[in-house]
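Report on the following structure.
The values are calculated or read from the model by the stated rules, or taken from the named source; none is laboratory data. In this text, all values refer to a predicted model and were calculated from it rather than measured experimentally. Positions of Cβ are backbone-derived with ideal geometry, glycine not excepted, and every protein chain shown enters the neighbour counts. The protein model used for the area step is the full one, side chains on, heavy atoms only, and it has no ligands, DNA or RNA in it. Shrake-Rupley method; radii C 1.70, N 1.55, O 1.52, S 1.80 Å.
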Amino acid sequence: MVAFKRNDPSQQTLAKLAMNRRRMLALGGLAAGTGALAACGGNTGRGSSEGVNLSQWYHQYGEAGTQQAAEKYAAAYKDATVTINWIPGDYDTALSSGLLAEKEGDYPDVFEGHLNRAMVESGQIVPLDDILADVLDDYTPDDLARNTIDGKVYGVRMIDDPQFLYYRPSLLEAKGITPPATFEELVAAAAELTTGDVKGLFLGNDDSATKLFQPIVFSAGETLLTDANEIGFTKETVLAGAAQVKALHESSSLLVGAPTEAWDPSSIIQNLCAIQWCGLWALPQIIEAHGDDINVIPFPAFGGGTPTVFNGGWDTFVNAKSANVDEAKAFVKWLWVDNEEFILDWNLSYGFHIPPRLSMRGSAEQLSSGPAAEAVRISEEYGWAENPNWTPKMETAVDDMMNHIVLEGADPDAEFETAAAAIQDELDSIFG
């Protein structure tokens, strides 16, 4: 999985970005793609610097008020005219096209996304070490690592979005079920909680085949790539995980065909499921619907490992093609590094997110109690983040493997060897 791109309806897997959610951000894929760009925008912040125009791109957030907030921030900036492009639908494809555009005005100067090595090697973005030099210690190691390639920092974290399992305590208590601590317990709980009207577990309408690969790897105590950029997961873990995912897929416990994707909390709000994978952003809506009858748990341990939490989110970048790179960097620093008022507003006023600046988290009263505090705690204790060296080709290799094993009944050993060979070929092409 990697996780869904938040509120981007075009993405349906937890790491594709799911790398889709806020998918779960595609781990990137911004170096390719052509075609016309469909964008909504035109709202500007008119600054005092003559002739300096900046275009800032966002994907279409689902939370009410987010577009208006982005426009408010742009309007408050006094050193340039900032135009907001609010892009609905398939943001990754639109952004890929925009980054290839040659005409000023057709490409973003500043944009949100997720770092991958192709963006750096194709010269699409500029390092931002200079604007972060004084505050590097004020970010978590994960937030720095996900935005760093070859020792240079390219992205500034905007929001931290941990994703986990929401559950209704009353439903579990009625069945005598304790919150699942292992994957096997999660599968058993989903079966026990499934009734005629309620499914036990909702992971997304794209089912569980590809979504669970990365959570299983990390909750088994393994990783995608080692620090030496070698394959960090074992065949034993992956095939054991694929077998259990296949059994879950073939059970009647999963909710599929829900009215909305799993990034939206409607399914647990409407009592279509007892447990739902979703992100911290949705907590205010869920509390409004269920009051105190809601809590969160990390993805359960697998194969003797430990629970894990995917810490998703969004980062902002400066386009190397911009005619105003220095001015774009100054705007990013003003908005996403130094502006405590707007950073807290963006993180806490439109759904819940964790402010990436550690010094600002103490001001986040909304996250200091109840399930919000628990969400923050488990994200800090069990959290893992994207690796910018894990490329879209690598993700496609494991997605194909899981689909073939889980959905088509292909030979697991052969599928693993094919995926591992594809990943190794990609690593060899990058690192030699």
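Quick notes on this one:
- Wholly enclosed helices (runs of 4 or more DSSP H) of segment 318-432 bearing at least 2 residues within 22 Å of the chain's Cα centre (by Cα): 340-348, 370-382, 392-402
- Of all residues in segment 280-300, those satisfying the criterion of being open to solvent by 10 Å² or more (accessible area, probe 1.4 Å) and assigned to a strand (DSSP E or B) are Asn295, Ile297.
- Of all residues in segment 236-249, those that are open to solvent by 10 Å² or more (accessible area, probe 1.4 Å) have Cβ atoms under 7 Å from Cβ atoms of residues that are among the polar types (S, T, N, Q), 6 or more apart or on another chain, in His249/Ser208.
- Any hit, segment 407-414, residues being among the aliphatic types (A, V, I, L, M), surrounded by fewer than 21 Cβ atoms within 10 Å (Cβ to Cβ) and either more than 22 Å from Ala240 (Cα to Cα) or touching a Phe, Trp or Tyr at 6+ places or on another chain (Cβ under 7 Å) (or both): no
- In segment 110-211, counting only strands (runs of 3 or more DSSP E) that sit wholly within it, the ones holding 3 or more residues that are aliphatic (A, V, I, L, M) and touching a Phe, Trp or Tyr at 6+ places or on another chain (Cβ under 9 Å) span 156-167.
- Count of residues meeting criterion [of a type in the set (Asp, Glu) and open to solvent by less than 70 Å² (accessible area, probe 1.4 Å)] in segment 50-104: 3
- Residue count for segment 240-266 satisfying the condition of being under 17 Å from Gly351 (Cα atoms) and in contact with a Ser or Thr (Cβ under 8 Å, 6 or more places away or on another chain): 1.
- Test for Thr195: is it open to solvent by 60 Å² or more (accessible area, probe 1.4 Å) and among the hydroxyl-bearing types (Ser, Thr, Tyr): yes
- When restricted to residues that are modelled with pLDDT of 95 or more and over 21 Å from the mean Cα position of the chain (by Cα), segment 109-122 contains 1.
Matching residues to (1) out of contact with any Lys or Arg (no Cβ under 8 Å at 6 or more places or on another chain); (2) on the phi < 0 side of the Ramachandran plot; (3) not hydroxyl-bearing (Ser, Thr, Tyr):
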residue	(1), (2), (3)
Ile216	yes, yes, yes
Leu225	yes, yes, yes
Gly232	yes, yes, yes
Ser266	yes, yes, no
Cys273	no, yes, yes
Gln276	yes, yes, yes
Leu283	yes, yes, yes
Glu288	yes, yes, yes
Pro298	yes, yes, yes
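- Single unsatisfied condition, Ala258 versus (1) of a type outside the set (Lys, Arg); (2) open to solvent by less than 30 Å² (accessible area, probe 1.4 Å); (3) over 28 Å from Met119 (Cα atoms); (4) not in a loop (DSSP other than H, G, I, E, B): (4)
- Matching entry among Phe213, Phe202 (being in contact with a Leu (Cβ under 8 Å, 6 or more places away or on another chain) and within 23 Å of Trp384 (Cβ to Cβ)): Phe202
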